[in-house]
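Take a look at the structure set out below.
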Amino acid sequence: MILRLCDTSNAPFSSVVSAGFNLWGHSEVVISNAMERQVTIEIAKLERLTSIVGTIGGTAVYVGLFGTVLGIMKAFNEVAQTGSGGMSVVINGIAEALVTTAAGLCVAVPAVMAYNYFIKKIDSFITDMELCVSETMDLVNIKQK
């Protein structure tokens, strides 16, 4: 019954418990090792895409800043080439260049928020899996005594 319940659940801890109960009757060490291996597998599955979201959140601001720097350089270059300008020409060029910073922030802020949310969720799943290992091992110890 426990194995059927574990098979119908998508929760990461269900496969950990299943790994333990599939080896029911084996030694405590064998069961514990199998469950710890399954915890490692589940953590890898949970974390497989988080680095992409973290990288996007971490680099989007810099990409926007790079665009701003290029835009400001372009604005000053135009002033230098025409030989005229003034504050209005420079300000217009800088305002146009700051659009890339705004775009970078619009991408970075949600990405960092998503990354932090997923990391917190993964930590919660890891805690659940570790508790399942501990509780399952308690059941194994009770049965073997």
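Some values worked out for this structure:
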read-out: Within the range 34-46, considering residues that are over 30 Å from Ala108 (Cα atoms) and aliphatic (A, V, I, L, M), the one surrounded by the fewest Cβ atoms within 10 Å (Cβ to Cβ); value: Ala34
read-out: Those helices (runs of 4 or more DSSP H) lying entirely in the range 1-118 with at least 3 residues in contact with a Pro (Cβ under 7 Å, 6 or more places away or on another chain); value: none
read-out: Qualifying position, being surrounded by 12 or more Cβ atoms within 10 Å (Cβ to Cβ), among the polar types (S, T, N, Q) and within 27 Å of Ser32 (Cβ to Cβ), among Thr127, Thr136, Thr100; value: Thr136
read-out: Residue match in the range 47-61 (condition: closer than 30 Å to Asp138 by Cα, surrounded by 13 or more Cβ atoms within 10 Å (Cβ to Cβ) and within 29 Å of the chain's Cα centre (by Cα)); value: yes
read-out: Which numbered condition Phe76 fails, given (1) at pLDDT below 95; (2) within 24 Å of Asn10 (Cβ to Cβ); (3) not hydroxyl-bearing (Ser, Thr, Tyr); value: (2)
read-out: Cβ pairs under 7 Å, 6+ apart, first in the range 1-13 and farther than 21 Å from Ser124 by Cα and in contact (Cβ under 8 Å) with a residue 12 or more places away in the chain, second outside any helix (DSSP H, G or I) and of a type in the set (A, V, I, L, M, F, W, C); value: none
read-out: Complete set of residues in the range 19-35 that are of a type in the set (Ser, Thr, Tyr) and either in contact (Cβ under 8 Å) with a residue 60 or more places away in the chain or over 15 Å from Asp138 (Cα atoms) (or both); value: Ser32
read-out: Identity of the residue in the range 96-115, over 18 Å from Met73 (Cα atoms) and among the β-branched types (Val, Ile, Thr), that ends up nearest to the chain's Cα centre (by Cα); value: Val112
read-out: Positions within the range 5-33 being of a type in the set (A, V, I, L, M) and either surrounded by fewer than 19 Cβ atoms within 10 Å (Cβ to Cβ) or touching a strand residue (DSSP E or B) at 6+ places or on another chain (Cβ under 6 Å) (or both), in sequence order; value: Leu5, Ala11, Leu23, Val29, Val30
read-out: Residue list for the range 20-43, filter: within 14 Å of Glu135 (Cβ to Cβ) and either among the aliphatic types (A, V, I, L, M) or in contact with a Phe, Trp or Tyr (Cβ under 6 Å, 6 or more places away or on another chain) (or both); value: Ile31, Met35, Val39
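Condition check ((1) within 28 Å of Trp24 (Cβ to Cβ); (2) touching a Lys or Arg at 6+ places or on another chain (Cβ under 9 Å)) across all residues:
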{"position": "Ala75", "(1), (2)": "no, no"}
{"position": "Asn92", "(1), (2)": "no, no"}
{"position": "Glu96", "(1), (2)": "no, yes"}
{"position": "Ala111", "(1), (2)": "no, no"}
{"position": "Ile126", "(1), (2)": "yes, no"}
{"position": "Glu135", "(1), (2)": "yes, no"}
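The values are calculated or read from the model by the stated rules, or taken from the named source; none is laboratory data. The structure displayed is predicted, hence computed values, not measured ones. Note that we place each Cβ from the backbone using ideal geometry, even for glycine, and neighbour counts take in every protein chain shown.
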